[in-house]
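The numbers here are math on the coordinates, done by the rules we state, and not lab data. Here the structure is a predicted model, which means the values were calculated and not measured. Cβ: placed from backbone, ideal geometry, glycine included. Neighbour counts: every protein chain shown.
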């Protein structure tokens with residue numbers, strides 16, 4: 001598994017680099033800010049998931065120092081005159097031990113930092129991952145804590161994607177009225193079926209309280225007003241919203257239909273609504289050997305796969321928005 005994690009991490013980092021390139025080309029400041037915040041959120045999740053491995057790396061490095069220190073103490077104890085090892089002479093004993101320990105290479109030459117640097121290399125990373133796997137198999141309570149951490153990262157990851165896609169959609173329609181907002185309002189007036197409104201009448205009018213919320217300024221707040229009519233809490237809702245705003249884009253449907261995104265959304269729902277127990281819907285989607293009622297088991301390999309999936313999807317949506325906004329965006333003075 002350690003090798004598999006290393007491979008998917010490379011893919012995840014590659015997607016991050018691609019997103020950064022798109023962000024560098026993004027001219028619309030509020031859109032760029034949304035993308036930057038999204039990438040920062042992804043990095044925060046990575047840090048959280050890395051915590052167990054970081055702890056193990058430090059444990060390895062410092063345990064090696066401890067072993068050396070114990071060896072020094074043992075040798076001193078064997079070589080010292082028994083007459084000197086009494087309670088009245090304890091201060092001298094401790095002083096001698098401090099002096100000897102200060103000369104241990106790992107302490108004197110700051111070998112701990114060097115060792116930690118070794119453990120973040122490719123081989124060191126695989127070693128600490130293998131050690132993590134071993135510990136999780138031996139200690140049930142630690143395994144429960146670890147998988148709870150992974151479950152939390154799944155929920156956080158979906159929430160980040162949900163919020164970022166909603167903000168991107170809303171802001172794109174707000175700042176791009178001539179190329180996006182006006183056409184969206186026209187399609188709404190025609191009750192375009194691609195909008196997937198909850199009822200037929202919903203597409204025939206805009207509620208006055210939605211307009212009043214933005215001082216009846218439709219031109220600068222078309223996205224904020226229309227956002228009320230879409231559900232961004234599900235992958236289907238996000239897809240419907242983007243198909244409605246970008247009906248001519250072939251990228252939207254492809255970007256939001258990946259199997260990994262569907263699995264992420266379903267796993268988030270299992271964790272939040274069913275305490276992580278597998279149901280028939282998830283078993284059918286995931287084609288897993290686990291039985292209905294079993295506890296969902298995900299690890300760092302899954303989080304890396306989902307990280308790459310949400311970055312790729314958001315990058316494609318950002319590219320799509322940039323394409324439309326480059327036609328008529330004028331920064332406010």
FRET efficiency estimate (nearest 0.05) - Cβ-Cβ, residue 143 to residue 20, R0 45 angstrom: 0.80
Residue order, fewest to most surrounding Cβ atoms within 10 angstrom, among 282, 306: 282, 306
Simple spin-label estimate for residue 219 and residue 178 in nanometres, 7 Å along Cα-Cβ: 1.1
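Neighbouring Cβ atoms within 10 Å as the yardstick, rank 42, 272, 298 fewest first.
Values: 42 24, 272 14, 298 20.
Placing the least packed residue first, the sequence is 272, 298, 42.
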Pair residue 254, residue 291: separation of 7 Å Cα→Cβ label points (nm): 4.3
